[in-house]
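First the structure, in the form of structure tokens, and then the observations on it.
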Amino acid sequence: MQTIQQIIDSTPVRTFATERPEYLLIQPSARHELKNDGLNREAELIAQASARGFVLAAFDTCQWARALMPWHDDAVSADCEVGLHARHTLCFVLHRLLPWLEHSYSRMPCIVGGYSLGAMWALWAACQTGKFGAVAAASPSLWIDGWSIYAQANPIMAQSVYLSLGDREEHCRNQRMRLIGDSVRRQHLLMQTQLGNHRTTLEWNHGGHFGDEPQRTARAFAWCMDNLQQG
């Protein structure tokens, strides 16, 4: 697998490309995903899980909440800048990152995804633009204030949506985060209504929120590639 590190508009981007790629995979990344060579491991696992070729582009979000939160929520951060920059992040993906990828590799179906806040941002982004064919949302942070209202009012523009959650995530001590189980179940029902049962899935993983992030995210992307292929 070919790996390239690139700076695009001052944003570090790591790409992992198989031979004869068929899909572009877009993922916001943070420091925790770089630990233990997590992104390399994720790319390898995607290749093992699907026969489809791909280019995985992981762009750095040093200030995770600032870059990805679509609106402010004190339960996420008291930083007043949080909630102001998710649209800037989407503009970077649409107008800088994707053109570079399409110039470097050719135009292909695009899947957006990630883990935690990255997965939530991916779902939000796919309600803003029809550029993404599928969303790979592993343990998305849908407990944020106002998510259900937003999702109901803004239909998803993607063709397929993968959701997953750890089976212990809704049993944590934090009262807000304990809402995650019902939040993801509601999202899944909404996706079934909007897309149909065969175009969405909800996978339950063993464990809490932290652990097996590369494996969970890889399964999400692999499912999306295979589902789009079948469609």
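The values are calculated or read from the model by the stated rules, or taken from the named source; none is laboratory data. Just so we're clear, the structure is a prediction, and the values are computed from it rather than from any experiment. As a convention, Cβ positions derive from the backbone with ideal geometry for all residues, glycine included, and neighbour counts pool all protein chains shown. For accessibility, only protein heavy atoms count, side chains too; no ligands or nucleic acids. Shrake-Rupley method; radii C 1.70, N 1.55, O 1.52, S 1.80 Å.
Considering the stretch 14-41 alone, what residues qualify as being under 21 Å from Gln229 (Cβ atoms) and modelled with pLDDT under 95?
Of everything in the stretch 14-41, those that are under 21 Å from Gln229 (Cβ atoms) and modelled with pLDDT under 95 turn out to be Glu19, Arg20.
For residues that are in contact (Cβ under 8 Å) with a residue 24 or more places away in the chain and over 13 Å from the mean Cα position of the chain (by Cα), scanning just the stretch 107-122, find the one that is nearest to Asn205 (Cα to Cα).
For the stretch 107-122, the residue satisfying everything is Pro109.
What residue, among those in the stretch 150-175 that are open to solvent by 70 Å² or more (accessible area, probe 1.4 Å) and at pLDDT below 95, is nearest to Pro214 (Cα to Cα)?
Looking at the filtered set, the residue picked out is Arg168.
Can you name the residue in the stretch 50-75 that is in a helix (DSSP H, G or I) and over 18 Å from Ile8 (Cβ atoms) and is also farthest from the chain's Cα centre (by Cα) among such residues?
Among those that are in a helix (DSSP H, G or I) and over 18 Å from Ile8 (Cβ atoms), it is Arg66.
Can Met120 be described as among the hydrophobic types (A, V, I, L, M, F, W, C) and either closer than 18 Å to Leu228 by Cβ or surrounded by fewer than 21 Cβ atoms within 10 Å (Cβ to Cβ) (or both)?
no
Considering only residues of the stretch 99-108 that are open to solvent by less than 40 Å² (accessible area, probe 1.4 Å) and touching a strand residue (DSSP E or B) at 6+ places or on another chain (Cβ under 7 Å), which is nearest to Ile8 (Cα to Cα)?
If we take residues in the stretch 99-108 being open to solvent by less than 40 Å² (accessible area, probe 1.4 Å) and touching a strand residue (DSSP E or B) at 6+ places or on another chain (Cβ under 7 Å), then Leu101 is nearest to Ile8 (Cα to Cα).
If Met120 satisfies every condition in (1) more than 30 Å from Gln6 (Cβ to Cβ); (2) assigned to a helix (DSSP H, G or I); (3) touching a Ser or Thr at 6+ places or on another chain (Cβ under 6 Å) but one, which is the exception?
For Met120, the exception is condition (1).
Taking the stretch 147-167 as the search range and keeping residues that are in contact with a helix residue (DSSP H, G or I) (Cβ under 7 Å, 6 or more places away or on another chain) and part of a strand (DSSP E or B), which one is farthest from Met69 (Cα to Cα)?
Ser160
What number of residues within the stretch 97-119 are within 18 Å of Trp143 (Cα to Cα) and of a type in the set (Val, Ile, Thr)?
Qualifying residue count, the stretch 97-119: 0.
Only one residue in Glu42, Glu19, Glu81 is open to solvent by less than 40 Å² (accessible area, probe 1.4 Å) and either assigned to a loop (DSSP other than H, G, I, E, B) or closer than 16 Å to Val112 by Cα (or both). Which one?
Glu42
Scan (1) open to solvent by less than 60 Å² (accessible area, probe 1.4 Å); (2) touching a residue at least 60 places away in the same chain (Cβ under 8 Å); (3) in a helix (DSSP H, G or I) for the single condition Arg96 breaks and write down its number.
Exception for Arg96: condition (1).
If only one of Ala78, Ala125 is among the aliphatic types (A, V, I, L, M) and more than 19 Å from the chain's Cα centre (by Cα), which one is it?
Ala78
Within the stretch 45-54, which residues are aliphatic (A, V, I, L, M) and crowded, with 24+ Cβ neighbours inside 10 Å?
Scanning the stretch 45-54 gives a single hit, Ile46.
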